[in-house]
Amino acid sequence: MKRQDTLLRLRRFRVDDLKRRMATLDGMKADVDKKLADLEESVARERQRAGDTDIGRLAFPSFLKSIEIRREKLRETLKDIERERAACQADLTAAFQDLKSLEFAQEQQEKRLAEIEARRSQSRLDEMALVRHLRKHALRGA
């Protein structure tokens, strides 16, 4: 029984750990999405400023090129996070199924043990009733 309890705790820990990992990946994805949005806002602001001066119009293309490189790196990071998240989701699904099957097995074992104990108890009660009945008839016959 202790071995099964240990396995259950281990499976629960694994599921909880994978859930935490998923939450971390979701946070990372949200952060990268926010950075991409900030980058777009930055481009819009710089485009506005570049139109105001001659130097700005000359520097804006190189700024745009560097922003495009950063944007591409962020998109690559986002793809990596999505791949890792998909793998983590698959691991979480498998771990959750393992946990549920182990919990189901434990419930079945507890049910069988309860039934065995109920049968033993009923057997004792039946035996006491039989002894009582035999004594009662033995006293009548005497």
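Computed quantities for the displayed model
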item: Extension gain, Phe63 back to Gln122 (0.36 nm per residue minus Cα-Cα distance, nm); result: 12.7 nm
item: Helix 2-50 axis, angle to the chain major axis (alpha carbon atoms, nearest 10°); result: 20 degrees
item: Residues in region 1-19 reached by a label modelled at Asp26 [backbone nitrogen below 16 Å; 7 Å Cα→Cβ]; result: 15-19
item: P(r), alpha carbons of region 1-97 - 5 Å bins starting at zero, rounded %; result: 3, 12, 15, 14, 10, 9, 9, 7, 6, 5, 4, 3, 2, 1, 1, 0
item: Cβ-derived FRET efficiency at R0 41 Å, Phe96 paired with Glu46, nearest 0.05; result: 0.30
item: Likely footprinting exposure, Val32, Val43, fewest C-beta neighbours within 10 Å first; result: Val43, Val32
item: Angle between the chain longest axis and helix 54-141 axis [Cα atoms, degrees, rounded to 10]; result: 0 degrees
item: Subset of Lys29/Lys100; Lys34/Lys73; Lys29/Lys65; Lys35/Lys79; Lys19/Lys79 violating a 18 Å alpha-carbon distance limit; result: Lys29/Lys100; Lys29/Lys65; Lys19/Lys79
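Throughout, read-outs are computed from the coordinates displayed, never taken from laboratory work. Note that the structure is a prediction, hence the values are computed from the model and not measured. With ideal geometry, Cβ positions are generated from the backbone for all residues, glycine too; neighbour counts draw on all protein chains shown.
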